[in-house]
1. Mind checking the per residue accessible area of the chain for me, 1.4 Å probe, whole number of Å²?
2. Counting other Cβ atoms within 10 Å of each Cβ, which chymotrypsin sites (Phe, Trp or Tyr not before Pro) in region 86-117 have at most 10 and sit in a DSSP loop?
3. Find the relative contact order for the chain and round it to a whole percent, using C-alpha pairs within less than 8 Å whose residues are 6+ positions apart.
4. Just name one of Thr38, Thr71, Phe56: the one whose Cα is farthest towards the positive end of the charge dipole of the chain (beta-carbon charges, Lys/Arg +1, Asp/Glu -1).
5. Can you give the Kirkwood hydrodynamic radius of region 47-124 from its Cα pairs, in Å with one decimal?
6. What do you get for the angle between helix 33-55 and the principal long axis of the chain? Use alpha-carbon atoms, 0 to 90 degrees, nearest ten.
7. Length gain on complete extension for the stretch Met114 to Ser62, per 0.36 nm per residue less the alpha carbon to alpha carbon distance?
8. Calculate what fraction, in whole %, of the accessible area of the chain sits on carbon and sulfur atoms when a 1.4 Å probe is rolled over the protein chains.
Amino acid sequence: MVLWKRALLLGLLSWLIPFAISFAVFPLKKSNAPRFGTLMYLVVLLTAGALLTRYFQTRPVSIREALIVGTLRLAMNLLFDYPMFAYGPMKMTALGYYSEIGLVYLTFPAFALMAARLAKPPGS
């Protein structure tokens with residue numbers, strides 16, 4: 001059973017944490033864009049892991065539920081990013097956004113699925 005309130009709150013944090021950190025390290029993008037991209041990917045990955053751990057903190061891990069929560073986070077991050085990158089200060093095309101940023105959010109369902117599979121004992 002998906003805990004929707006927890007999933008939505010942590011989904012918001014899955015966007016807000018990397019967004020806030022990106023502001024702090026944004027000057028790095030001009031001086032070393034590859035380092036900025038790698039750093040932000042690591043931030044997204046660590047955020048995904050920490051928030052997934054928090055979601056399942058006091059309950060058994062379900063592969064189905066982890067995949068739902070990961071997919072919800074993917075959708076929420078894309079939804080929250082769209083106004084910022086389509087109309088906001090960044091003004092990126094859809095192709096530019098998905099090639100530079102949007103694909104990274106596939107980390108959420110992929111990480112959730114693999115982490116849940118690792119957490120499940122064999123044969124269960």
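The values are calculated or read from the model by the stated rules, or taken from the named source; none is laboratory data. Bear in mind the structure is a predicted one, so any value in this text is a computation, not a measurement. FYI the Cβ positions are ideal-geometry reconstructions off the backbone, even for glycines, and counts take in every protein chain you see. Areas reflect the complete protein model, heavy atoms only, side chains present, ligands, DNA and RNA absent. Shrake-Rupley method; radii C 1.70, N 1.55, O 1.52, S 1.80 Å.
1. Accessible area per residue, the chain: 62 Å².
2. Of the chymotrypsin sites (Phe, Trp or Tyr not before Pro), not one in the loops of region 86-117 has a Cβ with at most 10 other Cβ atoms within 10 Å.
3. Details: 102 pairs, mean separation 42.3, N = 124.
After rounding, I find 34 percent.
4. Looking along the dipole axis, the top candidate is Phe56.
5. With all distinct Cα pairs of region 47-124 included, I get 13.6 Å.
6. 30 degrees
7. On the way: separation 52, 0.36 × 52 = 18.72 nm, distance 1.13 nm.
Here the answer is 17.6 nm.
8. 73 percent
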